[in-house]
Amino acid sequence: MIHRLSLELADYLFYKKIITMEKYEVYSYGLEMLISAVIGALLILACGILTNSLVRSIIFYVLFVFIRMYTGGYHADSHLVCKATLLCSFILTNIAYLMLRDRCEMMFLVVIGILNFIIVLLLSPVECAKKPLSEYVRKRNKVISCCLYIFIFTLSLVLCYMSYNEEALFPTLVVSNISLLMYIGIIKERRRSHES
């Protein structure tokens, strides 16, 4: 559905002479990614509104999308599975937050933060077979991923130190979710390579 809509929009732009045939594929792909991102954002915001966690839904989406640009991870084979995975990730992160927010302490954040950092250090970036990365991009993404994880880890510790334990917990859980999806992405790519 998203792919078809992006092709129709690209057709419209082509027939209106806004784009040339040489740019057609680039525009249709860009429109597909834009539509997919908008649908993902709307799904997460709607879920945030329905679960009375709008601020957390915004934080989740921004962190999730921005960090995964550099870490990579599980990539679904269809937009439907992608959006379902995104929605499940938010719901699971939100449930974990609600279960742990009263028990969040500095030592818990330190342990989770160190585990997350080890995962990103060892695994990132997780490549998708359909979109291999050059050596330069791979190294750059690893450095950026590590810096982002260190930043969020430090921010969480500072918030916890200032007694904002609940605010410190949610970003840590988002990063944990991304770490888990990195691991799942590696498993999926290994299975795919064994099958082919």
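The values are calculated or read from the model by the stated rules, or taken from the named source; none is laboratory data. As the structure is a prediction and not an experimental result, all values here were calculated from the model. Cβ: placed from backbone, ideal geometry, glycine included. Neighbour counts: every protein chain shown. Just the protein is used for accessible areas: all its heavy atoms, side chains included, with ligands, DNA and RNA removed. Shrake-Rupley method; radii C 1.70, N 1.55, O 1.52, S 1.80 Å.
Structure values in brief
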read-out	value
Total residues in region 115-149, condition part of a helix (DSSP H, G or I) and touching a strand residue (DSSP E or B) at 6+ places or on another chain (Cβ under 9 Å)	3
E167 in a helix (DSSP H, G or I), free of Cβ contacts under 8 Å to residues at least 24 places away in the same chain and acidic (D, E)	yes
Exclusive hit being assigned to a helix (DSSP H, G or I), under 20 Å from I35 (Cα atoms) and over 13 Å from the mean Cα position of the chain (by Cα), set C47, C160	C47
Residue list for region 164-181, filter: over 15 Å from Y149 (Cβ atoms) and open to solvent by 50 Å² or more (accessible area, probe 1.4 Å)	Y164, E166, E167
Flag if I184 is under 17 Å from the mean Cα position of the chain (by Cα) and open to solvent by 40 Å² or more (accessible area, probe 1.4 Å)	yes
Any hit, region 19-29, residues being loosely packed, with under 13 Cβ neighbours inside 10 Å and under 28 Å from I91 (Cβ atoms)	no
Hits in region 118-134 (condition: modelled with pLDDT of 90 or more and open to solvent by 60 Å² or more (accessible area, probe 1.4 Å))	I118, L121, L122
Subset of region 63-113 (residues that are of a type in the set (K, R) and under 13 Å from the mean Cα position of the chain (by Cα))	R68, K83
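This table checks each residue for (1) under 20 Å from M182 (Cβ atoms); (2) open to solvent by less than 80 Å² (accessible area, probe 1.4 Å); (3) among the hydroxyl-bearing types (S, T, Y).
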{"position": "R103", "(1), (2), (3)": "no, no, no"}
{"position": "I112", "(1), (2), (3)": "yes, yes, no"}
{"position": "R138", "(1), (2), (3)": "yes, yes, no"}
{"position": "L148", "(1), (2), (3)": "yes, yes, no"}
{"position": "I152", "(1), (2), (3)": "yes, yes, no"}
{"position": "L157", "(1), (2), (3)": "no, yes, no"}
{"position": "M162", "(1), (2), (3)": "no, no, no"}
